[in-house]
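The values are calculated or read from the model by the stated rules, or taken from the named source; none is laboratory data. If you're wondering where the values come from, they're calculated on a predicted model, not measured in any experiment. Cβ coordinates were reconstructed from backbone atoms using ideal geometry, including for glycine residues, and neighbour counts include every protein chain displayed. Protein only, heavy atoms only, side chains kept; ligands, DNA and RNA dropped before computing areas. Shrake-Rupley method; radii C 1.70, N 1.55, O 1.52, S 1.80 Å.
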Amino acid sequence: MLALEDARARILETIRPTPQTETVAVGEAVGRYLAETPASRVPSPAFDNSAMDGYAVRTWDLAEAGGELPVALNLAAGDDPEPLPDGACARIMTGAAIPPGADAVVMQEKVDADGATARFGQPPPAGNNIRRAGEDIPEGGELAGAGERVSPALISALATAGVAKVRVRRRPRVYVLATGSELRDSGEALGPGEIYDSNSPALAAMLRELGAEVTDGGHVPDEIDALRGALQEAADHDLVVTSGGVSVGDLDQVRQVLAEQGEIALWKVAIKPGKPFAFGRLGGADFFGLPGNPVSALVTFQQFVRPAAIRWMGGTYSSVQVPAEAGADFHREAASRTEFLRARLHPEEGRLVATPLSRQGSGMIGGLSRAHGLIVVAAGNHGFGFGERVMVEPTTEWCRFGEPQSRDEE
C-alpha cells in the first residue's frame, strides 16, 4: 500500500492541466481558474476622493482663517468639482472627487457648520481622509495570477479595475458512476437487501462545486458486461469517478475492467477509511475508483479527486489543516495508516476544540453530514488524549462551520 502523501504525489504528477481555455464575462467566472494574469484597465481609486462625509479644505487656509471658513461648494459622488476658491471649504460626501486645490478632508463630526459657514477645531494634516488615485490598484497592475481560482472578492476587484472578461481554463467533463446490484435511486421502492445510491449524487455535487461539468451515469449492477459498457461510455470524458467494485470481493469487478480497457497506475492506499482506492487511465480520461462505503468514498474524493481536478484546471492544490485541541480521547493499536476521524468543531474560551464523533464506521454517513472537519491521525501515531493538539481538515464541501450545534451528533 502507498502512503497517503506518496499516492497523492503520484496522481498529481500524472495529471496535466488542460491547455484549453475560454473567455467568459467576469460575472460568470466565479469558481473558474484563470489562464491569464489580468491587469487593471484603470487605477483604483480612479481619482482622489473623500474617505468620508465632511469638509474639503486647504490646510493653510484654516491656519490663516483661525478655524472658520465659508462653504463654497457642495460635492456628491459623481460630481465633476470646480476648483476650491481661496479661503473657502467644500461640503463633500464619501466617494466624491476632491476639488482641485483641497489637500485634506475633515470629518463632519469634528466640524460645527450652519450651511454657509464651517468652524473647525484642530487643523488637519495634509492628506487627511483622502483616498489617493491608484493607491489600491495602479493602472496596469496585476490583479491575480494565472492558476488562481476566481472568488467573489476577485470578481469585485476585476470589475473595479474595468476588466469585463477573463480567460479561464475549460471545465473538466467528469463521468460519475456507482456500481452495485443492491443500489436503487432515491424515491424508488426498496426490495430485500437493497439500498439507495448516495454516492453518485454526493460525488456529483462536490464535483459541481469544484466547477466540473458532470455526467451522472447513475449506477450499474454487478454484471461484467454492464460495467464494460458503462466504462466504454465514460472513456471519452476528462475524468471518470466510480464508487464501489475496487476491493477484493468476487463481485468487485472495476479493477478487472479497468485493466482490460485502460491501465491501473496504483491500487490500495494506507488510509482509513478508504484503503481500496484505484487510480489509472481509461481511454483519454484519468480514472478514480473510490470505495463503495459512503464515508470512504467522500474521504478519498477529498484526498485524491479534489486535488487532481484542481490541477487539471490549472490550479495548485494545498492541503489545508488547522490546529485544534482534542475534545475527547482517541487511541488505536494499529497505526500503519493515516486515519481521518469525523469531528465537531466549536470555540471554547478562545480555543478551537475538535471532538471526534463516537461512531466512525465507514458506512455511517449521518455522522459525516454533521461533522465540521476530519481530525488527521498520521501513520505511526497511536492517537491523542483530551486537550492535546490535533490537526483538522475542514470539510466545507459537506457542511458549513459555524452552524448551530443543536443537533445530536448521531
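Just a few scattered comments:
- In summary, the aspartates and glutamates within cross-link reach of Lys165, defined as a Cα separation below 18 angstrom excluding same-chain residues under 8 places away, comprise Glu22, Glu28, Glu36, Glu139, Glu142, Glu148.
- Residues listed by number, segment 101-117, amide nitrogen under 19 Å from Asp86 label point at 7 Å toward C-beta: 101-104
- Amide H contacts of Arg58: Asp103, each under 5 Å away and 5 or more positions distant or on a separate chain (H built 1.01 Å from N in the peptide plane; Pro and chain starts excluded).
- The local environment of Asp112, defined by Cβ-Cβ distances under 11 Å, has a net charge of -1 under the rule Lys, Arg +1 and Asp, Glu -1.
- Normalised by the number of residues in the chain, the average gap of Cα pairs under 8 Å and 6 or more apart makes the relative contact order 15 percent.
- Helix content alone sets the calculated 222 nm mean residue ellipticity of the chain: runs of n ≥ 4 DSSP H residues at -39500 (n - 2.57) each, divided across all residues, give -5500 deg cm²/dmol.
- The Kirkwood hydrodynamic radius of segment 1-78, based on inverse pair distances between different Cα atoms, is 19.7 Å.
- Rounded, prolate or oblate (a/c below 1.5 giving rounded, otherwise prolate when a/b exceeds b/c) for segment 191-285 by Cα gyration tensor: rounded
- Here the spin labels are modelled as points 7 Å beyond Cα on the Cα-Cβ line, and at Asp185 and Thr94 they lie 5.2 nm apart.
- Cut-off of 10 Å, at most 16 other beta carbons, DSSP loop: longest stretch of the chain lacking such trypsin sites (Lys or Arg not before Pro): 133-267
- Alpha-carbon centroids, segment 245-315 and segment 1-41: separation in whole Å: 20
- In the chain, the longest principal axis of the Cα atoms and the axis of helix 199-210 are about 30 degrees apart.
- For segment 139-182, convex hull volume per residue from C-alpha positions, Å³: 114
- Where segment 231-364 is the region considered: accessible area per residue in Å², 1.4 Å probe: 39
- Three-way shape label, segment 279-322, alpha-carbon gyration tensor, a/c 1.5: oblate
- Taking amide H as placed 1.01 Å from N in the peptide plane, Arg344 has its amide H under 5 Å from the amide H of Thr355, Leu357, His372, each at least 5 places away in sequence or on another chain.
- Seen from a random direction on average, the alpha-carbon convex hull of the chain projects onto 27.1 square nanometres.
- In a fully extended conformation the segment linking Thr215 and Glu13 would gain 70.2 nm over its present Cα-Cα distance, using 0.36 nm per residue.
- Backbone N within segment 110-139 under 17 Å of label point (7 Å from Thr37 Cα along the Cβ vector): 137-139
- In loop segments of segment 237-337 as defined by DSSP, the GluC sites (Glu not before Pro) with at most 10 further C-beta atoms inside 10 Å of their C-beta are Glu333.
- Distance distribution note for segment 118-252: the fraction of Cα pairs above 26 angstrom is 53%.
- In this rough spin-label picture, where each label sits 7 Å from Cα along the Cβ direction, the Ser156-Ala113 distance is 2.7 nm.
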